[in-house]
Amino acid sequence: MGLLYLAALLVSLTGMVVLDRRFQLYFWADARRAAVVSAVGVVFFVVWDLFGIGLGIFFRGETAFMTGLQVAPELPLEELFFLALLVYVTMNLYGAFGRLLAPAVSKRGVGA
Amino acid sequence: MTYWALNAFFLAAVALVALAAVVKARSARTAADPRRSDTGPRWSAVGLAAIALLITTAVFDNVMIGIGLVAYNPDLISGAFVGIAPLEDFAYAIAAVVLLPSLWHLLPARGSRPSTGTRPSTGSGTAGAPGPSTDSGTAGGPRA
């Protein structure tokens, strides 16, 4: 039970990697840029989370679906994977729509 | 501080990064560098990704709150909800879909397109040359 949410996130992230690889959307379009964007993006959203938690706006729920491991007070381990998924979904979508909208300009890369 | 006030700071930061990406793309156009391979964020793609992301957020945020992964201080949220998801949560999706593509286009592009299909680019070939793609037939085409 405690691993359910983490497992769901990892399965979803794996799906993003598969799509990325198959269609060269993000890391497979430009690995270095994708690494920087992902790192900056996750840090940005973690900081946002920490402010929200610090200000008492939101907090970890009472649930049996999480491991209970916390990387900071009220910040579950799972949140890091959720934010990574948010970043990956966003950039795969952007890469895919960028390609679909301008097929004659670039067949490869995130709007590159 | 309310959730909306917090979001305002972070959305403002996102707006600044987006502005930087637009300015960079504009100056690249002005300079008319023939090697440039990037015209800045494609806002039509951003818009479509935003629609998909907002729908996804509406679905999964409701699930996450419903099963108790996260909870909110009722005094600090506006009280506007999509289902049981506070409207403020959608700021994350908006921020992601503007910030991340903007960052992508602010970073220098990999020198060239990869020459093989399934591996990350290794940067072989001429730097930034936007000419016809050699690995995708005529579909790549010369950049206009």
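Throughout, read-outs are computed from the coordinates displayed, never taken from laboratory work. On a predicted model such as this, the values are computed, not experimentally measured, just so you know. Positions of Cβ are backbone-derived with ideal geometry, glycine not excepted, and every protein chain shown enters the neighbour counts.
Remark: the Cα gyration tensor places the range A:4-94 in the oblate category, a/c being 1.5 or greater and a/b not exceeding b/c. For the range B:1-72, the C-alpha radius of gyration divided by 2.2 N^0.38 Å, with N the number of residues, is 1.60. A cut-off of 5 Å between modelled amide H atoms, ignoring neighbours fewer than 5 places along the same chain, links A:GLN70 with A:LEU77.
Among A:GLY15, A:GLY61, A:GLY98, the largest mean-square fluctuation in a Gaussian network model of chain A, built with springs joining Cα atoms closer than 10 Å, belongs to A:GLY61. Once you divide the Cα radius of gyration of the range A:1-40 by 2.2 N^0.38 Å, the number left is 1.38. Between A:VAL47 and B:THR30, the FRET efficiency estimated from the beta carbon spacing at R0 = 25 angstrom works out to 0.15.
The Cβ shell under 15 Å around A:GLY68 holds other residues with a net charge of -3, Lys and Arg each +1, Asp and Glu each -1. Applying 1/(1 + (r/R0)^6) with r as the Cβ-Cβ distance of A:ALA35 and B:VAL63 and R0 = 30 angstrom yields a FRET efficiency of 0.50. Restriction of the chymotrypsin sites (Phe, Trp or Tyr not before Pro) in the range A:1-106 to DSSP coil positions whose beta-carbon has at most 11 other beta-carbons within 10 angstrom yields no sites.
The orientation-averaged shadow of the Cα convex hull for the range B:42-108, equal to a quarter of the hull surface, comes to 5.4 nm². Applying both filters, DSSP loop and at most 12 other Cβ atoms within 10 Å, to the GluC sites (Glu not before Pro) of the range A:16-94 gives A:GLU62.
The label point for B:ILE94 and the one for A:GLN70, both projected 7 Å from the Cα toward the Cβ, are 3.0 nm apart.
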